[in-house]
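Here's the structure we're looking at; comments come further down.
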Amino acid sequence: MKEKELRRSLAVLPIGTVMKLTDLSARQIRYYEEQELVIPERNEGNRRMYSLNDIDKLLEIKDYLADGYNMASIKKVYAQKAAEEERRREKMAQSLSDDAVRKILRNDFVNAGGLNRHSKPSIRNNRTL
DNA sequence: TTTCTAACA
DNA sequence: TGTTAGAA
């Protein structure tokens with residue numbers, strides 16, 4: 001379920017193809033880039049290369065525009081979406097940290113127990129772990 | 001031929 | 001946004 005996302009992120013489409021796929025003008029597509037809504041990659045010749053995800057985003061923008069949204073409001077929509085993603089990532093990192101801590105504590109406990117069987121019982125205090 | 005940047009009747 | 005000029 002991750003291989004697919006990678007392919008969708010591959011920038012392989014030139015602006016000409018994107019124009020046909022989205023029915024947007026090159027002028028519009030480049031303008032949306034100026035507005036930082038869709039940032040395509042650049043190939044060796046400085047030509048914009050878009051991914052399937054970019055196509056979807058452009059179509060989304062097109063829909064918003066059709067619904068009467070202006071650039072400012074569309075920007076805000078994506079700004080909020082980006083903020084939510086950031087919070088999600090923070091929580092992810094947090095839970096991973098917690099899990100890592102538990103593993104470390106568990107290892108310490110096991111090691112402490114093993115050592116106690118063959119050495120001095122000087123770390124009996126660690127039983128609280 | 002296609003795309004890029006920059007500018008404007 | 002459209003269109004165009006001159007360069008890659």
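A few remarks follow.
- Test for residue A:84: is it open to solvent by 100 Å² or more (accessible area, probe 1.4 Å), closer than 30 Å to residue A:7 by Cα and either at pLDDT 95 or above or in a helix (DSSP H, G or I) (or both): yes
- Pairs where the first residue, in region A:50-73, is over 17 Å from residue A:5 (Cβ atoms) and assigned to a helix (DSSP H, G or I) and the second is modelled with pLDDT of 95 or more and open to solvent by 60 Å² or more (accessible area, probe 1.4 Å), C-beta under 8 Å, 6+ apart: A:62/A:23
- Residue count for region A:16-32 under the criterion of being within 12 Å of DNA strand C (Cβ to nearest atom), open to solvent by 30 Å² or more (accessible area, probe 1.4 Å) and in a helix (DSSP H, G or I): the result is 5.
- Identity of the residue in region A:10-65, within 12 Å of DNA strand B (Cβ to nearest atom) and aromatic (Phe, Trp, Tyr), that ends up farthest from residue A:80 (Cα to Cα): A:50
- Cβ pairs under 8 Å, 6+ apart, first in region A:5-17 and in the same structural domain as residue A:49 (by TED's automatic domain parsing), second among the β-branched types (Val, Ile, Thr) and open to solvent by less than 100 Å² (accessible area, probe 1.4 Å): A:13/A:55; A:15/A:29
Yes or no, residue by residue, for (1) among the acidic types (Asp, Glu); (2) at pLDDT below 60:
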{"residue": "A:78", "(1), (2)": "no, no"}
{"residue": "A:99", "(1), (2)": "yes, no"}
{"residue": "A:102", "(1), (2)": "no, no"}
{"residue": "A:120", "(1), (2)": "no, yes"}
{"residue": "A:124", "(1), (2)": "no, yes"}
{"residue": "A:127", "(1), (2)": "no, yes"}
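The values are calculated or read from the model by the stated rules, or taken from the named source; none is laboratory data. Predicted model, so just to flag it, every value in this text is computed and none were measured. Glycine also receives a Cβ, built like all others from the backbone with ideal geometry; neighbour counts cover every protein chain displayed. Side chains are part of the model used for accessible areas, which takes the heavy atoms of the whole protein and leaves out ligands, DNA and RNA. Shrake-Rupley method; radii C 1.70, N 1.55, O 1.52, S 1.80 Å.
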